[in-house]
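Below is one structure, written out as structure tokens; the observations come after it.
The values are calculated or read from the model by the stated rules, or taken from the named source; none is laboratory data. The shown structure was predicted, so the numbers you read here are calculated from the model rather than taken from an experiment. Cβ sites come from the backbone with ideal geometry, for glycine too, and all protein chains shown count toward neighbours. All accessible areas refer to the heavy atoms of the entire protein, side chains included, with ligands and DNA or RNA removed. Shrake-Rupley method; radii C 1.70, N 1.55, O 1.52, S 1.80 Å.
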Amino acid sequence: MRIRAAFSVCLLSLASFAQTAPSDSLFNTDQVVTVNITFADPNFWNTLTTYYNNDLGETLMGSVTITDLTGTYTYDSVEVDLKGNSTYSHPGNKKSFKIDFNDNIGGQKYHGMRKVHFNNCWGDPTFMREKIFFDQCQEQGIKAPRVNYANISMNGTFWGFYNLVEAVDKDFLDRHIDDTAGNLFKAADNFGMGGGGGGGAEADLLWYGTDQADYYDRYELKTNESVNDWTDLVDLLDMLNNANDAYFQANFPSQWKWNDLLRALAMDNMYGNLDSYIHSARNYYLYHDSSNTQWNWIHWDANMAFGSYPAQGQNAQTLSPTYVANNRPLMTRIMAIPALRLDYLNIYCALRTNFTNAYLDPRIDSIRTLIEPHVAADPNKQYTLAQFTANITSDITVTGGNPPQQTIRGLKSFITARNNSLNGTLDCTTVGLEELASASDLGVYPSPATDVVQVRLPEGWSMREVLLFDAMGRAVPFATGSRTVDIRALAPGIYVLRADHAGQVLSTRFQKL
């Protein structure tokens, strides 16, 4: 289908935009690194857990030796601290943690990174959900941390097999965005019911007034902390929640790396990653680029992708592609405004090209080959090796957790079931026409397009009343037919088509590839 094929070219070019960095030598090849941490404190584990429970930002100093495919590296005076919320309930002492190489020795980095996270793969018998999901984000030009694997030992004792995850910090921003001076906000790890169910101060992007202090329990400012100016976030939320539809449609997308944002939201829906903004309102960052003043959406923590999050009765396999949970204004506004909804659906359709068993199963098999011996050797894994094997292909039922009994979707079976559901709810060959016909009196399709777009006008309106503007608001000359616009001479980008009839103005957006 032309829309998806053409848009995939755009996605590949975006995916290659990221800056080269020393960390590429670690993440560009799938591997399992060896990490040996040594603490002078013989009672290190009790100290680490005490610091975690105190929740005062205390860390324990140690040294670490890491062996990867490029060599062996030793770092003194690193800071280690436990992390996580639900992941902390992992059985035994196999807790998630992070290492800060730079805190005590300025400039000390591992492959150019100040910090590295080690996640215990809580709730994931396959050890692959976060790896597969974030790898696909990278392929599609979606900002997300990169993932590899590590065997961890502490004071000579083998601790377990972990995900090794890139931190979202200034090193990440430098590589992925090429700007580090803006505000980076993290969605706070507050645990309510999800889906707007209450019980916690969710990072829901709702408007809570002009006082930035009213947002402190919902977001964390991770850069420019001493300045502590949240005006940009408050202004963004004001527009999101309070602007009328016409103003919102005309101005909100330009505040963002818009297609990147839509890709991120669509990926969460498609892959059943409901422990994210679209449902639980967690596990994302917002970065305000100081060079172009646009906002960037950054993914975080995807161990519950492929339908593993218990989402209050929502079945991730059959989730509507336009699912909107309660109190999620970003999704509500996008889905309620026809032109923005169409932007989202076109991107959703483009992403579906690589969401198939034919494309993803070989990738899953490749990672399984790499990690299976290490999963087998992990004495502290949450699930058995048999469950690891079974859950790659099929759903399994586990007991003893929270909830007490839970079905964990198989990776390959989820892809199959999700595609079957989407085939019945979203026809990507006609999405432009059907969406515009059912939801708008003015529309342009297909979008994206390369040569000619069709224009749907309200009854009685004329193409003589149509104007075209570029993303900067400048009028653009164009050639029209009876209901078409020839766009072959236009530069690639986002355009606004506006019709003015007897004082009534309608507008919609489309993309020229």
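Under 7 Å between Cβ atoms, which residue pairs at least 6 apart in sequence (or on different chains) link something in segment 308-333 that is touching a residue at least 60 places away in the same chain (Cβ under 8 Å) with a partner that is open to solvent by 10 Å² or more (accessible area, probe 1.4 Å) and of a type in the set (A, V, I, L, M)?
Within 7 Å, the pairs are Q312/M193; Q317/A417; P321/L426; N327/L206; P329/L206; M331/V324.
I'm told K257 meets every condition in (1) at pLDDT below 95; (2) under 27 Å from I364 (Cα atoms); (3) surrounded by 21 or more Cβ atoms within 10 Å (Cβ to Cβ) except one. Can you identify the failing condition by its number?
Of the numbered conditions (1) at pLDDT below 95; (2) under 27 Å from I364 (Cα atoms); (3) surrounded by 21 or more Cβ atoms within 10 Å (Cβ to Cβ), the odd one out for K257 is (2).
Quick check on segment 93-110. Is at least one of its residues of a type in the set (S, T, Y) and open to solvent by 30 Å² or more (accessible area, probe 1.4 Å)?
Taking every residue of segment 93-110 in turn, none turns out to be of a type in the set (S, T, Y) and open to solvent by 30 Å² or more (accessible area, probe 1.4 Å).
Does any residue of segment 230-237 turn out to be crowded, with 16+ Cβ neighbours inside 10 Å, part of a loop (DSSP other than H, G, I, E, B) and at pLDDT below 95?
The answer is no; no qualifying residue exists.
For segment 458-483, give me the residue count where each residue is open to solvent by less than 70 Å² (accessible area, probe 1.4 Å), on the phi < 0 side of the Ramachandran plot and over 36 Å from the mean Cα position of the chain (by Cα). Give the steps one after another, and end with the answer.
Let us first name the residues in segment 458-483 that are open to solvent by less than 70 Å² (accessible area, probe 1.4 Å), namely 458, 460-463, 465-466, 468-470, 473, 476, 478-479, 481.
Next, from what is left, pick out any that are on the phi < 0 side of the Ramachandran plot: 458, 461-463, 465-466, 468-470, 476, 478-479, 481.
From the residues that got through so far, the ones that are over 36 Å from the mean Cα position of the chain (by Cα) too are 458, 461-463, 465-466, 478-479, 481.
Going through segment 458-483 one residue at a time, the tally reaches 9.
What pairs can you find where one residue is in segment 97-122 and in contact (Cβ under 8 Å) with a residue 60 or more places away in the chain and within 12 Å of K83 (Cβ to Cβ), the other is part of a strand (DSSP E or B) and open to solvent by 30 Å² or more (accessible area, probe 1.4 Å), and their Cβ atoms are less than 9 Å apart, with a gap of 6+ or different chains?
K98/D81; K98/K115; I99/D81; I99/K115; F118/K98
If you check A246, A266, which single one turns out to be touching a residue at least 60 places away in the same chain (Cβ under 8 Å), more than 22 Å from the chain's Cα centre (by Cα) and farther than 30 Å from G57 by Cβ?
A246
Residue-by-condition table, conditions (1) touching a helix residue (DSSP H, G or I) at 6+ places or on another chain (Cβ under 9 Å); (2) farther than 26 Å from N183 by Cβ; (3) assigned to a strand (DSSP E or B); (4) not basic (K, R):
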site: K95; (1), (2), (3), (4): yes, yes, no, no
site: K98; (1), (2), (3), (4): no, no, yes, no
site: I105; (1), (2), (3), (4): no, yes, no, yes
site: C137; (1), (2), (3), (4): yes, no, no, yes
site: I142; (1), (2), (3), (4): yes, no, no, yes
site: Y149; (1), (2), (3), (4): yes, yes, yes, yes
site: F172; (1), (2), (3), (4): no, no, no, yes
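Please indicate, with yes or no, whether at least one residue in segment 359-374 is at pLDDT 95 or above, in contact with a Lys or Arg (Cβ under 6 Å, 6 or more places away or on another chain), open to solvent by less than 40 Å² (accessible area, probe 1.4 Å) and not β-branched (V, I, T).
yes
When you check Y344 against the structure, is it crowded, with 16+ Cβ neighbours inside 10 Å, in contact (Cβ under 8 Å) with a residue 40 or more places away in the chain and under 16 Å from M270 (Cβ atoms), yes or no?
yes
Listed here are the residues, each with its yes/no results for (1) open to solvent by 10 Å² or more (accessible area, probe 1.4 Å); (2) modelled with pLDDT under 95.
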| residue | (1), (2) |
| --- | --- |
| W300 | yes, no |
| G307 | yes, yes |
| M331 | no, no |
| Y348 | no, yes |
| R352 | yes, yes |
| A376 | yes, no |
| T384 | yes, no |
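Conditions first: (1) open to solvent by 40 Å² or more (accessible area, probe 1.4 Å); (2) more than 29 Å from G123 (Cβ to Cβ); (3) modelled with pLDDT of 95 or more. E220 passes all but one, so which condition is the exception?
Checking E220 against (1) open to solvent by 40 Å² or more (accessible area, probe 1.4 Å); (2) more than 29 Å from G123 (Cβ to Cβ); (3) modelled with pLDDT of 95 or more, the one that fails is (2).
Quick check on Y271: is it of a type outside the set (G, A, S) and either closer than 28 Å to G84 by Cβ or touching a Lys or Arg at 6+ places or on another chain (Cβ under 7 Å) (or both)?
For Y271, the condition - of a type outside the set (G, A, S) and either closer than 28 Å to G84 by Cβ or touching a Lys or Arg at 6+ places or on another chain (Cβ under 7 Å) (or both) - is met.
Looking at segment 70-92 only, could you name the residues that are open to solvent by less than 60 Å² (accessible area, probe 1.4 Å) and either within 26 Å of A386 (Cβ to Cβ) or part of a loop (DSSP other than H, G, I, E, B) (or both)?
Residues of segment 70-92 that are open to solvent by less than 60 Å² (accessible area, probe 1.4 Å), as a first pass: 71, 75, 77-84, 86-88, 90, 92.
K83, G84, S86, T87, Y88, H90, G92, listed by residue number.
Take the residues in segment 123-161 that are at positive phi and in contact with a Pro (Cβ under 9 Å, 6 or more places away or on another chain); name whichever of them is surrounded by the fewest Cβ atoms within 10 Å (Cβ to Cβ). Outline the logic, then answer.
Of segment 123-161, the ones at positive phi are 123, 127, 141, 155-156, 160.
Adding the requirement that they be in contact with a Pro (Cβ under 9 Å, 6 or more places away or on another chain) leaves 155, 160.
On the way: N155: 15, G160: 25.
Among residues in segment 123-161 that are at positive phi and in contact with a Pro (Cβ under 9 Å, 6 or more places away or on another chain), the one surrounded by the fewest Cβ atoms within 10 Å (Cβ to Cβ) is N155.
Among the residues of segment 389-445, count how many are in a loop (DSSP other than H, G, I, E, B), at pLDDT 80 or above, farther than 24 Å from I337 by Cα and not polar (S, T, N, Q).
3
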